[in-house]
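What follows is one structure encoded as structure tokens, with my remarks underneath.
The values are calculated or read from the model by the stated rules, or taken from the named source; none is laboratory data. Just so it is clear, the model here is predicted, and its values are computed rather than measured. With ideal geometry, Cβ positions are generated from the backbone for all residues, glycine too; neighbour counts draw on all protein chains shown.
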Amino acid sequence: MAKKKSSKRTGPKEKYPWDKWFNGLKHNIIKGVDFTNTERAFTAWAYSVARARNVKVSIKTIEGGFSIQALTDRNSIAARKIRTKR
């Protein structure tokens, strides 16, 4: 009798550490060190991954790359405005 294949599916290893980059802290991501594709392609990919994970991100251009931060209730722009008004 043939062995049944495991139904557990494993996908390819992710190219970038999205879990780390989407942890709510600011991360500076440098071209040639942290990513190799174009800036436009990387930001499009980052926004796409964030959307798929239901995460809002802030991506800002810095010298040599980007600063990326997942926006949580604690560090979102709206939450910062509310906290500063008190």
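Mind checking whether some residue in segment 2-16 is part of a loop (DSSP other than H, G, I, E, B), at pLDDT 90 or above, touching a helix residue (DSSP H, G or I) at 6+ places or on another chain (Cβ under 9 Å) and under 27 Å from residue 72 (Cα atoms)? Give the steps one after another, and end with the answer.
First, the residues of segment 2-16 that are part of a loop (DSSP other than H, G, I, E, B): 2-16.
So of that shortlist, the ones also at pLDDT 90 or above come out as 16.
Next cut, touching a helix residue (DSSP H, G or I) at 6+ places or on another chain (Cβ under 9 Å) only: 16.
Remaining after also requiring under 27 Å from residue 72 (Cα atoms): 16.
Yes - at least one qualifying residue is present in segment 2-16.
Would you pick out the residues in segment 37-70 that are without any contact (Cβ under 8 Å) to a residue 40 or more places away in the chain and among the aliphatic types (A, V, I, L, M)?
Here is the first cut: in segment 37-70, the ones without any contact (Cβ under 8 Å) to a residue 40 or more places away in the chain are 37-66.
Across segment 37-70, the qualifying residues are 41, 44, 46, 49, 50, 52, 55, 57, 59, 62.
State which residue is farthest from residue 23 (Cα to Cα) when the search covers only segment 43-54 and only residues that are surrounded by fewer than 16 Cβ atoms within 10 Å (Cβ to Cβ) and hydrophobic (A, V, I, L, M, F, W, C).
In the first step, residues of segment 43-54 are kept if they are surrounded by fewer than 16 Cβ atoms within 10 Å (Cβ to Cβ); the result is 44-45, 47-48, 51-54.
Subsequent filtering for residues that are hydrophobic (A, V, I, L, M, F, W, C) retains 44-45, 52.
Values: 44: 19, 45: 17, 52: 15 Å.
This residue is 44.
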